[in-house]
Amino acid sequence: MNLIKAILSLLFFPGFLFTAIIGMFLTWVDRKVSARVQMRVGPPWYQPYADFFKLLLKETLIPEGASKVLFYLGPILGLISMSILSVMIFKMNFSPDGSFVGDIIVMIYLLALPPIGVIIGGSASKNPLASVGASREMTQYFAYELPFLVVIAGIVLKAGGTIKFGEIIQWQRVNGPFLYSISGIIFAIIFLLVIQAKLGFVPFDIPEAEQEIMAGPYIEYSGVALAIYKITRAMMLFLLPLFMISLLWGGIGDWWAVLKFLLIIVLIILIKNTNPRLRIDQALKFFWIFLGILSIIGLVLTVNGL
Amino acid sequence: MGNIKLWGLKKSPWVFHVAAASCNNCDIEILDVLTPRWDVERFGIVLVGSPRHADALLVTGVLNRKSLPRVLRVYEQTPKPCLVIGVGTCTCHCHMFEKSYNVVGPYDKHLPIDVYIPGCPPKPEAIIMGVVKALKRLG
């Protein structure tokens with residue numbers, strides 16, 4: 001019975017289906033706000049769903065000489081990891097007792113899987129532009145993971161050294177969110193920029209840079225495989241702000257969480273629309289030197305109790 | 001389910017721009033269609049960078065001996081079902097280049113074209129109308 005319940009929650013609520021539907025709606029919000037910023041009308045609300053059903057109709061081509069298994073493994077890896085992540089985030093926000101030791105580390109690894117899937121798929125598709133995109137994705141992943149891990153370490157220190165996701169949320173419900181301190185604000189800024197890079201939004205859309213290398217790792221994907229990539233991206237757009245609210249802003253138990261969520265989404269979209277794309281070496285320098293030093297300052301402040 | 005998929009295809013045609021040696025006027029008009037003034041993203045039309053993502057190919061220019069194999073290759077790389085839309089008078093017939101030594105004849109000798117948009121170059125409004133007519137052909 002428990003197994004059936006687990007599978008159902010993984011597939012429908014709050015797993016794959018729920019997250020995908022909300023996430024696709026958020027991609028529409030992203031496109032509509034971008035259009036309004038550029039003084040356009042923008043697409044209608046059903047646009048992401050139409051895109052998805054359209055892609056199901058198309059045939060899925062595999063390039064000659066590409067590895068079939070790896071070509072399909074790339075998109076599926078990201079989809080599975082995001083479904084598991086959504087179940088974990090929701091479950092531990094609403095029943096923190098279900099938390100187990102080290103689940104925040106499991107979440108970090110689950111967040112690492114979509115870029116790894118993109119790298120595998122891009123390298124398997126036997127296209128020079130896809131290889132360039134995959135190598136950029138790899139470099140960018142190493143770039144943003146350093147400040148991200150330091151921020152997670154700081155949050156764990158703030159919560160009294162616990163590495164349980166549920167206990168971190170409980171701590172904030174008792175003692176107030178971590179955001180309301182100097183180090184908390186520093187961590188939030190870094191977290192926001194890391195979300196930007198994880199989603200592959202401008203200024204960190206270096207791996208898929210439409211104008212330079214077409215769509216980068218996605219260039220050879222068509223049909224269902226491309227639809228799975230789009231869905232994974234949409235689910236990340238929903239889950240990463242929730243992850244940030246859970247870790248820094250007191251969890252998602254009440255209705256205030258909706259407002260917090262919208263604020264983060266709008267900030268992400270505005271950063272996306274007001275910045276040019278960086279080069280890959282500039283992104284590496286930005287994350288390692290600027291944000292790296294900032295995150296260590298935040299860590300020092302945390303140790304001193306600020 | 002099939003109806004929903006067809007609805008999706010009609011509501012989100014992603015176009016890939018195949019410039020087969022045109023004089024660039026049609027290409028500039030195509031770019032005009034994508035600017036905020038005409039904003040075809042209202043209809044879900046997005047310009048994509050790879051033929052693998054495309055649902056409609058916008059071909060421009062006169063086919064010649066050099067561009068014919070490239071155009072055919074792009075057409076074969078596009079996942080089906082896909083539409084082919086000829087933009088400009090050059091795609092309807094060979095225009096004033098008909099007697100040229102390296103022109104291999106009009107498009108419909110070589111690949112199936114769904115809609116022709118005449119004009120030298122066609123207006124952005126005409127291009128949008130041509131895409132709408134091509135989508136109506138789907139049923």
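The values are calculated or read from the model by the stated rules, or taken from the named source; none is laboratory data. Worth saying up front: this structure is predicted, and the values here are computed from it rather than measured. Don't worry about glycine lacking a Cβ; one is built from the backbone with ideal geometry, like all the others, and counts go over all protein chains shown. Each accessible area value is taken on the protein alone, full model and side chains, heavy atoms only, with ligands, DNA and RNA left out. Shrake-Rupley method; radii C 1.70, N 1.55, O 1.52, S 1.80 Å.
Beta carbons closer than 9 Å, at least 6 apart along the sequence or on distinct chains, pair a first residue in the range A:266-283 that is over 22 Å from A:PHE142 (Cα atoms) with a second that is open to solvent by 70 Å² or more (accessible area, probe 1.4 Å) and outside any helix (DSSP H, G or I) for A:ASN273/A:GLN38.
Within the range B:121-139, can one find any residue that is buried (at least 18 other Cβ atoms within 10 Å of the Cβ), in a loop (DSSP other than H, G, I, E, B) and at pLDDT 85 or above? Taking every residue of the range B:121-139 in turn, at least one turns out to be buried (at least 18 other Cβ atoms within 10 Å of the Cβ), in a loop (DSSP other than H, G, I, E, B) and at pLDDT 85 or above. Considering the conditions (1) over 13 Å from the mean Cα position of the chain (by Cα); (2) open to solvent by 20 Å² or more (accessible area, probe 1.4 Å), B:LEU31 is excluded by exactly one of them, (1).
Is there a residue in the range A:11-25 that is within 14 Å of chain B (Cβ to nearest Cβ) and buried (at least 18 other Cβ atoms within 10 Å of the Cβ)?
Of the residues in the range A:11-25, the ones within 14 Å of chain B (Cβ to nearest Cβ) are A:24.
Next cut, buried (at least 18 other Cβ atoms within 10 Å of the Cβ) only: A:24.
Yes, that holds for at least one residue.
A:PHE100 passes every criterion in (1) closer than 30 Å to A:GLU220 by Cα; (2) outside any helix (DSSP H, G or I) apart from (1). Filtered by the rule that a residue be over 22 Å from B:GLU76 (Cα atoms), at the interface with chain B (Cβ under 8 Å from one of its Cβ atoms) and over 22 Å from the mean Cα position of the chain (by Cα), the range A:36-78 gives A:GLN38, A:MET39, A:ARG40, A:VAL41, A:GLY42, A:PRO43, A:PRO44, A:TYR46, A:ALA50, A:PHE53. So if I check each of B:TRP38, B:TRP7, which one is touching a helix residue (DSSP H, G or I) at 6+ places or on another chain (Cβ under 9 Å), over 18 Å from B:GLY105 (Cβ atoms) and without any contact (Cβ under 8 Å) to a residue 24 or more places away in the chain? The conditions single out B:TRP7. The requirement of being modelled with pLDDT under 90 and open to solvent by 10 Å² or more (accessible area, probe 1.4 Å) is not satisfied by B:VAL74. Applying the selection to the range B:34-58, what residues are open to solvent by 50 Å² or more (accessible area, probe 1.4 Å) and touching a strand residue (DSSP E or B) at 6+ places or on another chain (Cβ under 9 Å)? Matches in the range B:34-58: B:LEU34, B:LEU47. Of the helices (runs of 4 or more DSSP H) that lie entirely inside the range B:1-119, those containing 3 or more residues that are in contact with a Phe, Trp or Tyr (Cβ under 7 Å, 6 or more places away or on another chain) and within 14 Å of chain A (Cβ to nearest Cβ) span B:2-11. Note on the range A:199-230: residues that are more than 17 Å from B:VAL46 (Cβ to Cβ), more than 9 Å from every other protein chain (Cβ to nearest Cβ) and not in a loop (DSSP other than H, G, I, E, B) amount to 6. Here is the figure for the range A:124-152: residues that are open to solvent by less than 10 Å² (accessible area, probe 1.4 Å) and not in a helix (DSSP H, G or I) total 1.
Residue-wise test of (1) aliphatic (A, V, I, L, M); (2) open to solvent by less than 10 Å² (accessible area, probe 1.4 Å); (3) at negative phi.
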residue: A:GLY154; (1), (2), (3): no, yes, yes
residue: A:THR162; (1), (2), (3): no, no, yes
residue: A:PHE165; (1), (2), (3): no, yes, yes
residue: A:VAL174; (1), (2), (3): yes, no, yes
residue: A:GLN196; (1), (2), (3): no, yes, yes
residue: A:LEU199; (1), (2), (3): yes, yes, yes
residue: A:PHE204; (1), (2), (3): no, yes, yes
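The single residue among A:GLY74, A:GLY121, A:GLY78 that is closer than 28 Å to A:VAL156 by Cβ and either assigned to a loop (DSSP other than H, G, I, E, B) or not hydroxyl-bearing (Ser, Thr, Tyr) (or both) turns out to be A:GLY78. Only a single criterion out of (1) touching a residue at least 24 places away in the same chain (Cβ under 8 Å); (2) more than 27 Å from A:LYS164 (Cα to Cα); (3) surrounded by fewer than 20 Cβ atoms within 10 Å (Cβ to Cβ); (4) of a type outside the set (D, E, K, R) is not satisfied by A:PRO96, namely (2). In the range A:236-289, the residue that is least open to solvent (accessible area, probe 1.4 Å) out of those that are within 24 Å of A:TRP28 (Cβ to Cβ) and in a loop (DSSP other than H, G, I, E, B) is A:ILE252.
Can you tell me which residues in the range A:33-72 are of a type in the set (Ser, Thr, Tyr) and open to solvent by less than 70 Å² (accessible area, probe 1.4 Å)?
Going through the range A:33-72, the residues of a type in the set (Ser, Thr, Tyr) turn out to be A:34, A:46, A:49, A:60, A:67, A:72.
Residues satisfying the conditions are A:SER34, A:TYR46, A:TYR49, A:THR60, A:SER67.
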